[in-house]
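The values are calculated or read from the model by the stated rules, or taken from the named source; none is laboratory data. All of these numbers come straight from a predicted model, not from anything done at the bench. FYI the Cβ positions are ideal-geometry reconstructions off the backbone, even for glycines, and counts take in every protein chain you see. For the accessible areas, the whole protein counts, side chains as well, though only heavy atoms, and no ligand, DNA or RNA atoms are used. Shrake-Rupley method; radii C 1.70, N 1.55, O 1.52, S 1.80 Å.
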Amino acid sequence: MAEPTDCFLRELELSDGSVVAIRQLSSGDVGCVVWDAAIVLSKFLESQEFKLPGGQRLSGKCVLELGAGTGIVGIVAATQGANVIVTDLEDLQELMKINIESNSHLITGSCQAKVLKWGEEVKDLVPKPDYILLADCIYYEESLEPLLKTLKDLTGIDTCILCCYEQRTMGKNPQIERRFFELLKEDFKYEKVPLEKHDKEYRSEDIHILEIYRKT
Ligand SMILES: C[S@@+](CC[C@H](N)C(=O)[O-])C[C@H]1O[C@@H](n2cnc3c(N)ncnc32)[C@H](O)[C@@H]1O
């Protein structure tokens, strides 16, 4: 696959010393670059603190990432042995595919890219993944209801949604965040992962990770 001419690298060292190298684009929409929440969630996924019930890790688990942008979080999950589908709008497909291909030597599970626009039908995706990953996807009001619909369509009773977001205080951001939680509470319960459990180096007071489950 041909590499775009305007790309620049974001490297992330994993705990085993291997380096995930992500192509970002200098022009394009917000999904063309790696956001801090994606780094925080990626490092959390490979940390010792992150364990499934029963102490299992991600190996062999079905994982779906929404609004994946460059695909970094899903790719890191796939380096931990998960079978991952990274999803975003049509415009991001090529970038996600380039990043999957260029990091394929680190992937011990599997990783593929697919189109998924929030709110639309979720036809050929894993219906009830073990994990759904979201990084920096709470940022504009019109997307909140479609995003919550997609989460409802995709989650089973055991699906764990890991949602990492940056708390922003400017402009409409506090209002958007409040509305997200109002909608979330209708069908989901959630807990914040304490900051001490985030990666020691890649953590920040204003970046939160939520563990979200469907209400029974
Ligand atoms: C701020 S970026 C975060 C990208 C990536 N998760 C990260 O943290 O680096 C938000 C992402 O959500 C995607 N997105 C926004 N609205 C969407 C929608 N309606 N359906 C699907 N994806 C959407 C964008 O294309 C973009 O990739």
Residue-by-residue Karplus 3J(HN,Hα) for the range 156-172, coefficients 6.51, -1.76, 1.60, Hz, glycine and proline x: x, 5, 9, 5, 9, 9, 9, 10, 10, 9, 9, 7, 10, 9, 8, x, 7
Restraint check, Lys97/Lys185; Lys114/Lys192; Lys61/Lys97, Cα-Cα greater than 32 Å: Lys97/Lys185
Low-density loop positions, GluC sites (Glu not before Pro), the range 174-215 - DSSP coil, at most 14 other Cβ in 10 Å: Glu201, Glu205
Sulfur and carbon atoms: percent of accessible area, the chain [1.4 Å]: 47
Relative contact order of the chain, defined on C-alpha pairs under 8 angstrom at six or more residues apart (%): 19
Rel. contact order, % - alpha carbon contacts under 8 angstrom, at least six apart, the range 63-166: 29
The range 7-214: proportion of alpha-carbon pairs further apart than 29 angstrom, %: 16
Table column - 3J(HN,Hα) (Hz), the range 184-190, Karplus curve with 6.51, -1.76, 1.60, x for Gly and Pro: 4, 5, 4, 10, 10, 10, 8
Average accessible surface area per residue within the chain, 1.4 Å rolling probe, Å²: 48
Hz values of 3J(HN,Hα) by residue in the range 93-102 - Karplus curve (6.51, -1.76, 1.60), Gly and Pro given as x: 4, 5, 4, 4, 5, 4, 5, 5, 5, 6
Qualifying trypsin sites (Lys or Arg not before Pro) in the range 96-181, DSSP loop, other Cβ atoms within 10 Å at most 16: Lys117, Lys123, Arg168, Lys172
